[in-house]
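The next block holds one structure in the form of structure tokens; read it before the comments.
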Amino acid sequence: LVIDGDFGPATQSQLRNFQTALGLPSTGVVDRATWTALVSPMIAAIAPIAPAGRTLSQLVEAFGRQHVAVHPREAGGDNHGPWVRAYLGWDGPDARWCAGFTCFALEQAAHALGIKAPIASSASCDMLADRAKTAGRFVAGKAVNAGTYPKASLAPGSFFLVRASPTDWVHVGIVKTAGPESFSTLEGNTNDEGSSNGYEAVHRQRRYGAIDFIVW
């Protein structure tokens, strides 16, 4: 439905369909059970994960997988919806949320370990790159491509940054596994085509090239 701010007959009909699909009483009223069902994907995404001996990087990857498993996606227009607001604190046409998605997983991992995140979160890919450089955690793609920084050292949970120019990065996500020719990812604000302004969080496969990294 188009989001118009009105709980009208069409919305109520869709609510009844939702309730029926989940085996709830088809009342057309958002009661506690219906609300719990509506928000259950987000509750699953933000659920704590016990460290169980895992490193920060491993936990970042685990939290990223937990989010992608419930398929966060926009609702109500470009860069709109409850998932965008969860990751950034706001939504709107300019609310590019790839960095919000990625940093959310980092914050969850740091919280699980009871430590401070190595770099402060930001909605800006450029800011994340600058902070990583200051913290000594930035790995230039040319070092990876040349083999001076082994691809095998890109641990699951590292961040990747899509570089548009030496001082401009347009997309960020989480490394899932790094192979010799390509690496798998967990990323938000993208789609199956790899857009840097897509509408969902997904698993993807990317090639090395104009890609830099942030390691933990």
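The values are calculated or read from the model by the stated rules, or taken from the named source; none is laboratory data. Keep in mind the model is a prediction, meaning the values are calculated, not measured. A quick note on method: Cβ atoms are made from the backbone with ideal geometry, for glycine too, and the neighbour counts reach across all protein chains shown. Just the protein is used for accessible areas: all its heavy atoms, side chains included, with ligands, DNA and RNA removed. Shrake-Rupley method; radii C 1.70, N 1.55, O 1.52, S 1.80 Å.
Odds and ends about this structure:
- Residue count for the stretch 40-80, restricted to those that are of a type in the set (Ser, Thr, Tyr) and more than 22 Å from residue 158 (Cβ to Cβ): 1.
- Selection status of residue 161, free of Cβ contacts under 8 Å to residues at least 60 places away in the same chain, open to solvent by less than 60 Å² (accessible area, probe 1.4 Å) and within 20 Å of residue 204 (Cβ to Cβ): yes
- Test: residue in the stretch 158-176 that is within 17 Å of residue 67 (Cα to Cα) and in a loop (DSSP other than H, G, I, E, B): yes
- Failed criterion for residue 193 (all others in (1) modelled with pLDDT under 95; (2) surrounded by 22 or more Cβ atoms within 10 Å (Cβ to Cβ) hold): (2)
- Residue that is surrounded by the most Cβ atoms within 10 Å (Cβ to Cβ), among those in the stretch 33-45 that are within 18 Å of residue 82 (Cβ to Cβ) and more than 16 Å from the chain's Cα centre (by Cα): 34
- Selection status of residue 209, in a loop (DSSP other than H, G, I, E, B), without any contact (Cβ under 8 Å) to a residue 24 or more places away in the chain, of a type outside the set (Phe, Trp, Tyr) and open to solvent by 10 Å² or more (accessible area, probe 1.4 Å): no
- Yes/no for residue 83 being over 19 Å from residue 158 (Cβ atoms), modelled with pLDDT of 95 or more and buried (at least 19 other Cβ atoms within 10 Å of the Cβ): yes
- Look at the stretch 90-103: where a residue is farther than 18 Å from residue 132 by Cβ and a partner is open to solvent by 50 Å² or more (accessible area, probe 1.4 Å) and of a type in the set (D, E, K, R), sitting 6+ places away or on another chain with Cβ atoms under 6 Å, you get 91/85; 93/78.
- Residues that are of a type in the set (Gly, Ala, Ser) and part of a helix (DSSP H, G or I), drawn from the stretch 72-109: 86, 99, 100, 105, 109
- Residue-level check: of (1) of a type in the set (Gly, Ala, Ser); (2) closer than 28 Å to residue 163 by Cβ; (3) open to solvent by less than 30 Å² (accessible area, probe 1.4 Å), residue 28 misses just (2).
- Identity of the residue in the stretch 46-71, part of a helix (DSSP H, G or I) and open to solvent by 70 Å² or more (accessible area, probe 1.4 Å), that ends up nearest to residue 173 (Cα to Cα): 65
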